1. With a 1.4 Å probe and all protein chains left in place, how much accessible area per residue does region 19-244 have, in Å²?
2. Which whole-percent values make up P(r) of region 19-244 when all C-alpha to C-alpha distances are grouped in 10 Å steps starting at zero?
3. Considering only protein heavy atoms and a probe of 1.4 Å, how much of the accessible area of region 19-244 is carbon and sulfur, as a whole percent?
4. Beyond 27 Å, what percent of the Cα pairs of region 40-172 remain?
5. Quick check on region 134-246: take the gyration tensor over C-alpha atoms, sort the square-rooted eigenvalues as a ≥ b ≥ c, and tell me if it's rounded (a/c under 1.5), prolate or oblate.
6. Which value, in Å³ per residue, describes the convex hull spanned by the Cα atoms of region 100-169?
7. By per-residue mean of other Cβ atoms within 10 Å, what is the highest-first order of 155-163, 133-141?
8. Per-residue counts of other Cβ atoms within 10 Å, averaged by peptide: what ranking do you get for 29-36, 216-223, highest first?
Amino acid sequence: MTDDTQSGSEREVSEGRNQTQVLEVEGLGHSFGDVDVFSDLSFSLAEGTVTALVGPNGSGKTTLLRAVLGLLDPDEGRVEIERSPDSGRRIGYLPQSPAFRPAFTVEETLQFYADLLEKEVDVSAVLDRVGLSQVPDRRVDALSGGMTRLLGVGQAILGDPGLVVLDEPTGDLDPRMTEYVFDVVADLADDGMGILLATHNLTGAGEADDVLLLDHGDVVMSGSPADFVARTEAEDFRGAFLELTGGEEGAVSIGGADREGEAVGETDADGAADSAAPSAGVQAPGGDDE
Ligand code: ADP
């Protein structure tokens, strides 16, 4: 992975190409009773790019994802999702806590979901893409939290949807597995998928092509990680985020693992199992087998 301040703008897919927009959100507004979650929210997401949705708890990330997924009918605005020409599936989704049938193996799980799609799917290729190709026969109830999340990513990309929505794909994962999941996500974007992910992980968000920062229902800022840095006194995306959301103390609700250290609220309950994952079959990038 590359430096926080540069990686988003460095991705070659972002530059100089006429990219198809896989998602267009225009004038979105929604309230729950007296709670205005957001209003007049607009953004678009191009194929082959990653947009990270960041913001403190309660800032509206889940509500926005639900509107994009069509699980919530927003009060105002519209959501348009392009169907890529060679794909039968418009949108893939990884929920925050994916749950699978415990007695199924990894491969059976993906095959089960693949059989629901119109298009034929090469399940072993999907296992390969998410780094689970060495554990196809492992039962789901024997997977670490990180491997379960990778299986969830595999489920989300079955059928090659143009748009993939990932809700906290690295929540509760240890730093090594977190980095691995973000590498998988970057590879998926390099293969052409448009990825919208909600995350508390500032290192991962700093590697996205675009970041949408929500706070109390307002879009505080959107742009590349480098734009965030340029707008503030900070030296990197993490610093820019903290400056824009009120500093370390102001951001007490921002949790999640960070590669430089432990951010507030990090839990490593999953850590031991995930640290063991590569030797148990998940191939870390670059052949790192530790
Ligand atoms: P985030 O995902 O960023 O934590 P949410 O989208 O879950 O934020 O919530 C945004 C705001 O909307 C919060 O104030 C939350 O309490 C409120 N909210 C979310 N869902 C509901 C609901 N079903 N009914 C009432 N209020 C809700």
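1. Accessible surface, normalised per residue, equals 41 Å².
2. All Cα pairs considered, the percentages come to 8, 33, 36, 19, 4, 0.
3. Answer for region 19-244 is 42 percent, counting heavy atoms of protein chains only.
4. Roughly 24 percent, rounded to a whole number.
5. Details: a/c = 2.41, a/b = 1.87, b/c = 1.29.
Prolate is the answer for region 134-246, as a/c is 1.5 or above and a/b outweighs b/c.
6. 83 Å³
7. Working: 155-163: 22.6, 133-141: 15.9.
Ranked by mean Cβ neighbours within 10 Å, highest first: 155-163, 133-141.
8. On the way: 29-36: 12.4, 216-223: 16.6.
The peptides rank, most packed first, as 216-223, 29-36.
The values are calculated or read from the model by the stated rules, or taken from the named source; none is laboratory data. Everything quoted here is computed from the prediction, not taken from an experiment. FYI the Cβ positions are ideal-geometry reconstructions off the backbone, even for glycines, and counts take in every protein chain you see. Keep in mind that these areas ignore ligands, DNA and RNA; they rest on the heavy atoms of the full protein, side chains included. Shrake-Rupley method; radii C 1.70, N 1.55, O 1.52, S 1.80 Å.
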